Amino acid sequence: TTQSIATGITSPDGSENTRQIVETTDNTNTQIYFLQAMSQTWTASVYIKQKTSGRYFQFRPWGVGQGVAYATFSTADGSLTGSGGTDLVSTSSEDVGNGWYRVSMTCSRSLGSSDGISLGLTIVASGEAPTYVGDGTSGVYIYGAQLEELSYPTSYIPTNGGQVTRDAEAC
């Protein structure tokens, strides 16, 4: 799995800082992940956009085994196509225009210091972390990945790679 800047693709904030996840030609899970301990219920969110038809985006906790939580979304229309796990709380999807969808998954499982969240690509609409042989060029565009110790996604917080804290939002 590779991650790189996608040139010529405008992100939801209007700039060209979109990343892409591209599958390899190995028979494996196509995913990137980042480590982050979470001591309570957490929500992961990201903006996705279709790069290649027939591909789906999947969230799941990383480092805690299978059966905990996963959520799979269509990159074509942002719809939830599969989800499950003992600690899955909720999912959401919002059309933000120009082919972009903000998708999220909330999970009640705590994450230790060697655990984290996986952002994955798959060719099947359901099932957790399926392996497949990719073509080496297909993928999904992503922007604004965010992980929060909350039971819902807040508005996107640009961090430029560091941690940011802000006051709670109110409706």
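The values are calculated or read from the model by the stated rules, or taken from the named source; none is laboratory data. Small disclaimer: the values here were computed from a predicted structure and weren't measured. Here the Cβ is made from the backbone with ideal geometry for all residues, glycine too, and neighbour counts use every protein chain on show. We work out accessible area using only protein heavy atoms, side chains counted, and drop any ligands, DNA or RNA first. Shrake-Rupley method; radii C 1.70, N 1.55, O 1.52, S 1.80 Å.
Taking the stated definitions as given, is SER39 within 15 Å of GLY144 (Cα to Cα) and of a type in the set (Gly, Ala, Ser)?
Judged against the criteria, SER39 is not a match.
From the list SER108, SER83, SER74, which one is at pLDDT 95 or above and either closer than 20 Å to THR154 by Cα or of a type in the set (D, E, K, R) (or both)?
Numbers: SER83 fails: either closer than 20 Å to THR154 by Cα or of a type in the set (D, E, K, R) (or both); SER74 fails: either closer than 20 Å to THR154 by Cα or of a type in the set (D, E, K, R) (or both).
Selected residue: SER108, the only one of SER108, SER83, SER74 that is at pLDDT 95 or above and either closer than 20 Å to THR154 by Cα or of a type in the set (D, E, K, R) (or both).
Collect the residues in region 113-129 that are open to solvent by 30 Å² or more (accessible area, probe 1.4 Å) and touching a residue at least 60 places away in the same chain (Cβ under 8 Å), keeping them in residue-number order.
Selection gives SER113, SER114, ILE123, VAL124, ALA125, GLU128.
In the list SER93, SER79, SER104, SER113, which residue meets the criterion of being in contact with a Gly (Cβ under 9 Å, 6 or more places away or on another chain) and either closer than 19 Å to THR28 by Cα or of a type in the set (Ser, Thr, Tyr) (or both)?
From the options SER93, SER79, SER104, SER113, the qualifying one is SER93.
For PRO61, work out the one condition from (1) open to solvent by less than 50 Å² (accessible area, probe 1.4 Å); (2) under 18 Å from TYR156 (Cβ atoms) it doesn't fulfil.
Unmet for PRO61, out of (1) open to solvent by less than 50 Å² (accessible area, probe 1.4 Å); (2) under 18 Å from TYR156 (Cβ atoms): (2).
Would you pick out the residues in region 18-29 that are open to solvent by less than 40 Å² (accessible area, probe 1.4 Å) and either over 12 Å from the mean Cα position of the chain (by Cα) or closer than 22 Å to THR106 by Cβ (or both)?
Matches in region 18-29: THR18, ILE21, VAL22, GLU23, THR24.
Could you list all residues from region 60-88 that are more than 20 Å from GLY116 (Cβ to Cβ) and assigned to a loop (DSSP other than H, G, I, E, B)?
Hits for region 60-88 are THR75, ALA76, ASP77, GLY78, SER79.
Please count how many residues of region 33-56 are open to solvent by 30 Å² or more (accessible area, probe 1.4 Å), hydrophobic (A, V, I, L, M, F, W, C) and within 24 Å of GLU23 (Cβ to Cβ).
Residues in region 33-56 being open to solvent by 30 Å² or more (accessible area, probe 1.4 Å), hydrophobic (A, V, I, L, M, F, W, C) and within 24 Å of GLU23 (Cβ to Cβ): 2 in total.
For region 99-110, check the following and say yes or no: at least one residue is within 12 Å of the chain's Cα centre (by Cα), outside any loop (DSSP other than H, G, I, E, B) and farther than 25 Å from ALA37 by Cα.
We begin by selecting, within region 99-110, every residue within 12 Å of the chain's Cα centre (by Cα); these are 101-106.
So of that shortlist, the ones also outside any loop (DSSP other than H, G, I, E, B) come out as 101-106.
Adding the requirement that they be farther than 25 Å from ALA37 by Cα leaves 101.
Yes, region 99-110 contains at least one residue that is within 12 Å of the chain's Cα centre (by Cα), outside any loop (DSSP other than H, G, I, E, B) and farther than 25 Å from ALA37 by Cα.
Just to be sure I understand, how many residues within region 71-103 are surrounded by fewer than 17 Cβ atoms within 10 Å (Cβ to Cβ) and either in contact with a His (Cβ under 9 Å, 6 or more places away or on another chain) or of a type in the set (D, E, K, R) (or both)?
The total comes to 4.
More than 17 Å from the chain's Cα centre (by Cα) and either surrounded by fewer than 17 Cβ atoms within 10 Å (Cβ to Cβ) or in a strand (DSSP E or B) (or both): is that true of GLY144 in this structure?
Working: more than 17 Å from the chain's Cα centre (by Cα): no; either surrounded by fewer than 17 Cβ atoms within 10 Å (Cβ to Cβ) or in a strand (DSSP E or B) (or both): yes.
Spelling it out, it is not the case that GLY144 is more than 17 Å from the chain's Cα centre (by Cα) and either surrounded by fewer than 17 Cβ atoms within 10 Å (Cβ to Cβ) or in a strand (DSSP E or B) (or both).
Which condition number does THR91 fail, the rest of (1) over 12 Å from the mean Cα position of the chain (by Cα); (2) part of a strand (DSSP E or B); (3) among the hydroxyl-bearing types (Ser, Thr, Tyr) being met?
(1)
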